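A short write-up of the structure that comes next.
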Amino acid sequence: MEPTEGPPPYSQYPTELPETFPIGRNNVHPLVNVTELQAHLRLLGAIYKLKQDVQAQNDGVAATDSELAWVVYVNRAVRRFYKWTSSSWVPVSPRLSEEIMPPLDVIMVWHSYLLVSNSK
């Protein structure tokens, strides 16, 4: 096996990705761009903060068991996701807008659903 180069130099605000990434013996083209990566990291950060906020509550389930509070919250989010996907609304445009964008808990479940359905 040939020695590989080290990682590329660190740039605080990268604006583009390399043309390909070496994965095993293959060179693979990126599936997303830098803007999409940044948006995804912001979403993950928002979900992390949401979990911290749910677990830090001083009343209800979180007051006695923060992990159980998160489980309850996620289960409720799954129910809300189901209600959101089952609702009958007609979008005014083919893209989601701020007016019809679901709340963060529903987006979190949607994100998980997309990850699972794309891995099959």
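General observations
- FRET efficiency for the L31 to Y82 pair, using the beta carbon distance and R₀ = 25 Å, is estimated at 0.30.
- Using a Förster distance of 30 Å, the FRET efficiency for D65-H111 (Cβ separation, nearest 0.05): 0.75
- Choice from E67, E99, E36 with maximal GNM fluctuation in the chain (Cα, 10 Å cutoff): E99
- Computed over the chain with a Gaussian network model linking Cα atoms closer than 10 Å, the most mobile of A56, A77, A46 is A56.
- Listing R80, R25 from fewest to most neighbouring C-beta atoms within 10 Å gives R25, R80.
- Residue with peak Gaussian network fluctuation, the chain [Cα springs, cutoff 10 Å], from N58, N75, N27: N27
- Dipole of the chain, positive end: most advanced residue of S88, I23, S66 [Cβ charges, Cα centre]: S88
- Inter-probe distance in nm under a simple model that places probes 7 Å from Cα toward Cβ, at I23 and V72: 4.1 nm
- Shape of the chain, Cα gyration tensor, a/c cut at 1.5: prolate
Just so you know, all these numbers are worked out from the coordinates, no wet-lab data involved. Treat the numbers as computed from the prediction; the structure is a model and nothing was measured. All Cβ positions, even for glycine, are placed from backbone atoms using ideal geometry, and neighbour counts span all protein chains on display.
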